[in-house]
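The structure appears below as structure tokens.
Taken together, the values in this text are just the output of simple stated rules run on the coordinates, not laboratory data. The structure presented is a predicted model; accordingly, all values stated were derived computationally and were not measured. Here the Cβ positions follow ideal geometry from the backbone for every residue, glycine too, while neighbour counts run over all protein chains shown.
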Amino acid sequence: MKFFKSEQTFDYPWEQVSAANWQKYPNKISTHVKSVDVLRREFDPVRQTLTSERLIGCAQNIPRWLSFLTGGINKSYVREVSVVDLKNRKLTMKSCNLTWGSVLKVWETVTYSPDPKNPLCSTKFEQDAEIQASLHCQIGDKIEQWSVDRFGQNAKGKVGFDSVLEKLDPVWNEKFNDLSGKTSKLFDQMNSRTTSVLKELNDRADSVIKELNDRKECALQDVNGRGQSAVSQLRDSILHKN
Amino acid sequence: MGNIMSTSFAPECTELKHKYDSCFNSWYSEKFLKGKGLHNECEDFWQDYKKCIEVHMKKQGIEHLLDDARKEAPFENGGTPKGKPTQLSAKDSKAR
């Protein structure tokens, strides 16, 4: 058995990534994905969850040393069950290959959740795979390793999904920006307001300080003047007394 | 929607799938994500599309593969295989 793990970050809010996930294929990088079908879908309005079962059709290039086990057929199917948990802002996808199950089983779990470093603007992708070949001999090891390597290559999938996110971004902002667009606009407004308030405060503080300085100067002059006259009065009175 | 939509495994069902997908994508962004979803509004499109793919799944022999997979990792469990926690769920249960 072999394991594969990877982590990525997408610079889009979780809501936007979870919506684009339904339109991830086709994209220019993941050309091995040929079809996507929804087999079952259930929405729970109380828990605010959406569970979907999908059938993903792939066409991978099978190396010649492996083709004797797959009968030379390069078409394969993967079943995926995903749960979107709106309350916890988490999308979990679990998948396993349907084809060649007697040769190899690949259990994959992918999650999309808000990136803790930047939960409003970016999304963390985590991928975990468990690969098990049924043949417990050298060829089994070789099959498992080939599958792990495929995962490494499929990590390019981020580039593919990014291109979909980029393409869908204007549509999202135009149509569905209530969630993310308005928030960022609000931040912009808040920022510019904060800046102008700060500027005004600075200006006011400056003039108050200037006035205080002026007054202090006057007061000092006054005190100095009074002090001097008091001294001279005292001196006069002493002199007079004597 | 500004993006090409994926095709069905059965080319005969692709058109019905696209109709369902556009309805679903709008519902997902406009209702579900905003917490305004009361029920799945694309039921009519879904029924037509489902009928089509069920016929072709039988023809192509995908159905029996699916039956086994459904027993092994039920939909109701969110696709987690029975009695064989994947790495993530094992980690999750540890965290709990």
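Assorted remarks:
- The 3J(HN,Hα) values that the Karplus relation (6.51, -1.76, 1.60; θ = phi - 60°) gives for region A:108-121 are, in residue order, 10, 10, 10, 10, 10, 9, x, 5, x, 6, 8, x, 7, 10 Hz. Gly and Pro appear as x.
- Remark on residue A:99: its backbone amide H falls under 5 Å from those of A:77, a criterion applied only to residues 5 or more positions apart or on other chains, H modelled at 1.01 Å from N.
- Cα-centre dipole for region B:11-70 with unit charges at Cβ (Lys and Arg positive, Asp and Glu negative), debye to 20: 160
- Sorting the Cα pairs of region B:11-70 by distance into bins of 5 Å, from 0 upward, gives 4, 18, 20, 16, 16, 15, 8, 3 percent per bin.
- Computed label-point distance, nm, for sites residue A:134 and residue A:102 using a 7 Å Cα→Cβ extension: 0.6
- Distance between the modelled labels on residue B:66 and residue A:158, one decimal in nanometres: 3.4 nm (7 Å Cα→Cβ projection).
- If the chain linking residue A:9 and residue A:60 were pulled fully straight, counting 0.36 nm for each residue of separation and taking away their Cα-Cα distance, it would gain 15.7 nm.
- Trypsin sites (Lys or Arg not before Pro) lying in DSSP loop within region B:1-82, provided at most 14 other Cβ fall within 10 Å: B:36, B:82
- Residue B:59 paired with residue A:200, simple spin-label distance in nm, labels 7 Å along Cα-to-beta-carbon: 7.1
- Backbone phi angles across region A:134-145, fed through the Karplus curve with coefficients 6.51, -1.76 and 1.60 (θ = phi - 60°), yield HN-Hα couplings of 7, 8, 8, 8, 4, 5, x, 4, 5, 5, 4, 5 Hz in residue order; Gly and Pro are listed as x.
- For region A:69-177, size of Cβ-based charge dipole, Lys and Arg +1, Asp and Glu -1, in debye: 200
- Projecting the Cα atoms of B:33, B:20, B:10 onto the charge dipole of region B:1-51, computed from C-beta unit charges around the Cα centre, puts B:33 farthest toward the positive end.
- Ordering A:169, A:162 by the number of other Cβ atoms within 10 Å of each residue's own Cβ, fewest first, gives A:169, A:162.
- As a rough footprinting exposure proxy, the listed residues A:37, A:128, B:68 were ranked by other beta carbons within 10 Å of their own, and the order from fewest upward is B:68, A:128, A:37.
- Taking 19 Å as the straight-line reach from the Cα of residue B:34, the aspartates and glutamates in range (excluding those fewer than 8 positions away in the same chain) are A:15, A:42, A:44, A:85, A:169, A:174, A:178, B:21.
- Region A:2-155: relative contact order as a whole-number percent, Cα under 8 Å and 6+ apart: 26
- Put a plus charge on the Cβ of each Lys and Arg, a minus charge on the Cβ of each Asp and Glu, and nothing anywhere else: the dipole of region A:1-109 about its Cα centre is then about 280 debye.
- For region B:39-87: rounded, prolate or oblate by the Cα gyration tensor [a/c cutoff 1.5]: oblate
- Per-residue average of Cβ from other chains inside 10 Å of A:77-88: 4
- Inverse mean reciprocal Cα-Cα distance (Kirkwood Rh) of region A:2-155, Å: 16.8
- Think of region A:2-155 as having a plus end and a minus end, set by charges on the Cβ of Lys, Arg, Asp and Glu; of A:6, A:140, A:49, A:140 sits farthest toward the positive end of this dipole.
- J(HN,Hα) series, region B:32-40, from Karplus relation 6.51 cos²θ - 1.76 cosθ + 1.60, nearest Hz, glycine and proline x: 4, 5, 8, x, 9, x, 9, 8, 6
- Of the residues A:36, A:159, A:110, the one with the fewest other Cβ atoms within 10 Å heads the list, and the complete ranking is A:159, A:110, A:36.
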